[in-house]
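The values are calculated or read from the model by the stated rules, or taken from the named source; none is laboratory data. Predicted model only: the values in this text are computed from it and were never measured. A quick note on method: Cβ atoms are made from the backbone with ideal geometry, for glycine too, and the neighbour counts reach across all protein chains shown.
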Amino acid sequence: MGKGIIFIVATMAVWYVAAESSFVPPLYLPSPVDVVGAYRPHIWVDLGATLFRTLIGLTLGILLAYVVHLAAIMCRVIDLLDSQFAASRAVPIIAVLPLFVMWFGFGELGRILIVMLSATLYYLAPLHNSYRLLPREWTILREQVPLSVPNYYVRVVVPGTLGTLLGTLRLTVAIAFTMAIASEYIGAQSGLGKVIDSARVTFNVPGIFLAILVALIIGFGFDLLMVTVFARLVHWAGAEGKK
Amino acid sequence: MILRRAFWRYPGSGDPIINLANIELAWQGIATLCGPSGSGKTTLFRLLSGWFSEKDPSCCEFDPPLSPVKDVRMVGMHSSLLPWYRVRENIALQCGKRAMEDLDANLLRVGLSATVADLYPHQLSLGMYKRVEIIAATLMQPVLLLLDEFFSSMDDEAKRSVLSFVKLLRGDRMTWVVAHEEELRHMLSSLCWSLVLDGQSGVVIDLRASWGKALSSS
C-alpha cells in the first residue's frame, strides 16, 4: 500500500512539472490544477448513471450467459454453441452500438442491452471452457446420484466452474464498464461518456481528463471489489488441493 | 457373476492397459487386487466404475448386466467431495436426505467425531477425507465397491474401524480393495480371493489366491 501511494504521488508530481513547464502543450496534457478546476458536482450524477447501466447490464448479462449455457446443455446443442459463439464474438459489439440506439431509442433500454450483450458474449465462452474441464469425479455425480440437469447445473456446474472464472469475471466487469461509457457517447442525457463527449465539443481537455480519472478510480474500485467478493464467495478455490 | 469384458487403451498408446475377458467373480465378501505400480489397478477400477463410459460405453460389460456408473462405486485417489459443500451437504447430495439421520453414528463408526459433518472438505486431513468418502460410497449401496489405495493414509485403528464399518453396512455385497502391505492382507480376514495384475499384458495371472478362500462368510 505504501509503495502504491508513493507511486501515485510521484506520478502526480511528474505530471504537474511536465504540464506547468509548458514542455507538453495543454491540449495533450492539462495541468492537474486545471483538471481539478474542471470539477462540477454534477459529475456524481453522471457517475451514478454510468454505474447503474454497468451493474444492471453486467448482472443481467452474466445471468443470461448461464441461462443460455444451461439451455444449450438441455437441448443437447452445446457443441454447436461453442462454434457459433466463437463467430458471434468476432463481431465487435461496439460496431452494432448505433444500431441499438436506432432500434431502442435514446432511453436506457438500448444502453443496458448493449452492456448486457457484451457481458454475455465475453462470459459465455470461458464459462463453457471451464465446464468442459470439470473433473470426472464431479461430472459422474449426474448419472451416479442421479441428478436432473438443472439441479446438476446449479449444484455442481455453477460452483465448479466458478473456481477458474475469476480472471474472466474481472475482464467482463471491465468490458461492461467500457461499454456503458461507450454507449453514452451517443445521445445520452447523463453518464461519464456524455461528460467526455460534451467536453470534446467545447475542447475542454481538463474536463475529459477529470472524467477519465473518475473512471479510472471507479474501475480500479470495481476490480478490487470483485476480487474481494470472489474470495469470500468462492472460499474453497485454491484450497481444494489434491485429496 | 461374470466380468464379460474390460478393455481400455489410453488414446495414443499402443497396447491396451486393461484387457480382461470372461472372468468369473466370487460375488460377495472382500477381495484384494494386487500388482506392481503401473500395472493398471487404478485404471481397472476406473473402468469398472464407469469413469470412461462417456468415451466408450462398451468398454466394460458384466453378466448379468450392471451399470458401471450406478452399480459400481469407486473411492480412490481422486476427490469426490464437492469443495463448496460441507461434509453434511456432500453426503446429502450423494445419498439423499435419509442418510442424514444416521450421519453422526456413521461418522463415529469410522472413527470421526460428529463435528466433522460441519467442516468443508479442504479442512479435513487425507485420512478423514477418505473416511467421509467411504461413508458416502457405502450408503449409496453399490453392487460393487472399489477401494483404491484406500488405507495408505490411516493408522491401524482407523483402518480397523473403516473395515468393520464396510463389513457392517455391506453385508455380503462385494468389495474390492487395492492392497499392498502384508499387514493389510492380514486384516482383511474375510478374503475369498484375490486378483493380480502382472503389468505387462494386463491379464490376471492369479485368481483365488491361496490365502483365505475358505473365509468367505464373515
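Conditions tested, residue by residue: (1) within 21 Å of B:G29 (Cβ to Cβ); (2) of a type outside the set (S, T, N, Q); (3) modelled with pLDDT of 85 or more; (4) touching a strand residue (DSSP E or B) at 6+ places or on another chain (Cβ under 9 Å).
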| residue | (1), (2), (3), (4) |
| --- | --- |
| B:D104 | no, yes, yes, no |
| B:A137 | yes, yes, yes, yes |
| B:D156 | no, yes, no, no |
| B:W193 | yes, yes, no, yes |
| B:S201 | no, no, no, yes |
Fill in the blank from the handout: Result of the Cβ filter at 8 Å on the stretch A:20-48, keeping first residues that are touching a residue at least 40 places away in the same chain (Cβ under 8 Å) and surrounded by 11 or more Cβ atoms within 10 Å (Cβ to Cβ) and partners that are in a loop (DSSP other than H, G, I, E, B) and not hydroxyl-bearing (S, T, Y), at least 6 apart or interchain, is A:D34/A:P26; A:A38/A:N204; A:D46/A:G191
Problem - Contacts under 7 angstrom Cβ, first residue in the stretch A:120-144 being under 16 Å from A:I78 (Cβ atoms), partner charged (D, E, K, R), 6 or more apart - result: A:A125/A:R89; A:H128/A:D82
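Please verify whether A:A182 is closer than 25 Å to A:L109 by Cα, outside any loop (DSSP other than H, G, I, E, B), more than 13 Å from chain B (Cβ to nearest Cβ) and not charged (D, E, K, R), treating the condition exactly as stated.
When the stated conditions are applied, A:A182 passes them.
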Exercise for the section: Could you figure out which of (1) aliphatic (A, V, I, L, M); (2) part of a helix (DSSP H, G or I); (3) at pLDDT 80 or above isn't true of B:L184? Expected result: (3)
Problem - Every residue from the stretch B:80-114 that is at the interface with another protein chain (Cβ under 9 Å from one of its Cβ atoms) and either surrounded by 18 or more Cβ atoms within 10 Å (Cβ to Cβ) or in contact (Cβ under 8 Å) with a residue 24 or more places away in the chain (or both) - result: B:S80, B:L81, B:L82, B:P83, B:W84, B:Y85, B:L93, B:Q94, B:C95
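Can you pull out the residues in the stretch B:115-168 that are of a type in the set (G, A, S) and in contact (Cβ under 8 Å) with a residue 60 or more places away in the chain?
B:A137
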Problem - Criterion violated by B:M77 - all others in (1) touching a residue at least 40 places away in the same chain (Cβ under 8 Å); (2) surrounded by fewer than 18 Cβ atoms within 10 Å (Cβ to Cβ); (3) on the phi > 0 side of the Ramachandran plot satisfied - result: (3)
Exercise for the section: Evaluate the following for B:E133: is it surrounded by fewer than 18 Cβ atoms within 10 Å (Cβ to Cβ), out of contact with any helix residue (DSSP H, G or I) (no Cβ under 7 Å at 6 or more places or on another chain), within 14 Å of chain A (Cβ to nearest Cβ) and of a type in the set (D, E)? Expected result: no
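One line per residue, one yes/no per condition, for (1) more than 26 Å from the chain's Cα centre (by Cα); (2) hydroxyl-bearing (S, T, Y); (3) modelled with pLDDT of 90 or more:
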{"residue": "A:M12", "(1), (2), (3)": "yes, no, no"}
{"residue": "A:A18", "(1), (2), (3)": "yes, no, no"}
{"residue": "A:S22", "(1), (2), (3)": "yes, yes, no"}
{"residue": "A:L27", "(1), (2), (3)": "yes, no, no"}
{"residue": "A:P32", "(1), (2), (3)": "yes, no, no"}
{"residue": "A:V36", "(1), (2), (3)": "yes, no, no"}
{"residue": "A:P41", "(1), (2), (3)": "no, no, yes"}
{"residue": "A:W44", "(1), (2), (3)": "no, no, yes"}
{"residue": "A:L47", "(1), (2), (3)": "no, no, yes"}
Handout entry: Failed condition for B:L47, given (1) within 14 Å of another protein chain (Cβ to nearest Cβ); (2) free of Cβ contacts under 8 Å to residues at least 12 places away in the same chain
Key = (2)
Exercise for the section: Tell me, yes or no, whether the stretch A:159-173 has at least one residue that is in contact with a Lys or Arg (Cβ under 9 Å, 6 or more places away or on another chain) and within 14 Å of chain B (Cβ to nearest Cβ). Expected result: no
Problem - Only one of B:E149, B:E133 that is acidic (D, E) and modelled with pLDDT of 85 or more - result: B:E133
Handout entry: All positions within the stretch A:120-179 that are hydroxyl-bearing (S, T, Y), under 27 Å from the mean Cα position of the chain (by Cα) and part of a helix (DSSP H, G or I)
Key = A:T120, A:Y122, A:Y123, A:S130, A:Y131, A:Y153, A:T161, A:T168, A:T172, A:T178
